[in-house]
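Note sheet for the following structure.
The values are calculated or read from the model by the stated rules, or taken from the named source; none is laboratory data. Owing to the predicted nature of the structure, the values given are computational and were not obtained by experimental measurement. Calculation scope for accessible area: heavy atoms of the full protein, side chains included, ligands and nucleic acids excluded. Shrake-Rupley method; radii C 1.70, N 1.55, O 1.52, S 1.80 Å.
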Amino acid sequence: MDRPAASPQDWNDVRATLLRYLRARGAAPDIADDVAQETLARLIALSQTQQIGSLFALAFRIADNLIVDAKRREFRQGGEVDEEWESDDPSLDRILDSRRALDVLSRCLRRMPPLRREVLIRRRLNQESCRAIGQDLSMTVKAVEKHITRGLLDLRGALERAGVDFSVLGE
């Protein structure tokens with residue numbers, strides 16, 4: 001199947017936009033040129049095999065990844081990481097995945113039988129002992145443990161059905 005090839009003018013526009021983007025992000029002119037050239041090479045190769053929705057969006061993402069890779073190589077070779085690129089904050093994707101997981105867990109907890117929900121919250125969130133929960137609710141420790149197990153299974157099932165990646169829930 002033949003795909004329409006982008007014209008040389010389109011590639012020139014992408015390159016010029018990439019250079020402005022990279023320079024605005026603080027890349028040195030020589031680094032910006034190298035990254036723009038490598039980005040264009042990758043875009044051209046991809047455009048020959050795939051339909052690209054937005055050349056510019058993909059170009060920016062490829063360029064960002066190339067810059068990060070260059071910084072990593074530089075750091076491994078003994079250089080310091082530029083503080084502008086360094087962050088302990090979670091990525092936007094991770095934040096959004098965590099919020100989605102929290103929403104799924106909240107909905108699942110609201111649908112749980114009230115006793116199971118109370119036992120699970122008291123044990124997992126409030127860190128109360130199974131013995132203390134059992135005494136307060138007039139239940140055996142085994143019954144408390146059974147509620148916790150079933151509650152955790154309910155939560156895991158809800159996350160799986162929603163397609164939530166479990167790695168977002170903690171490290």
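Got a sec to turn the phi values of the range 50-66 into Karplus ³J(HN,Hα) couplings, 6.51 cos²θ - 1.76 cosθ + 1.60 with θ = phi - 60°, whole Hz, x for Gly and Pro?
9, 7, 9, x, 9, 4, 5, 4, 5, 4, 5, 5, 4, 4, 4, 5, 5
What percentage of the solvent-accessible surface of the chain, computed with a 1.4 Å probe over protein heavy atoms, is contributed by carbon and sulfur atoms? Walk me through the numbers on the way to the answer.
On the way: 6000 of 12040 Å².
Answer for the chain: carbon and sulfur cover 50 percent of the accessible area.
When the Kirkwood radius is taken over all Cα pairs of the range 110-171, what Stokes-Einstein diffusion coefficient follows at 37 °C and 0.692 mPa s, in µm²/s?
Numbers: Rh = 12.3 Å.
Once the numbers are plugged in, D ends up at 266 µm²/s.
Through the Karplus equation 6.51 cos²θ - 1.76 cosθ + 1.60, θ set to phi - 60°, convert the phi angles of the range 130-138 into ³J(HN,Hα) values in whole Hz; use x for Gly and Pro.
Values, residue by residue: 4, 5, 5, 4, x, 5, 5, 9, 6 Hz.
Using the Cα atoms of the chain, I'd like the radius of gyration and the largest Cα-Cα distance, Dmax, both in angstrom.
Values for the chain (Cα only, Rg and Dmax): 25.5, 77 Å.
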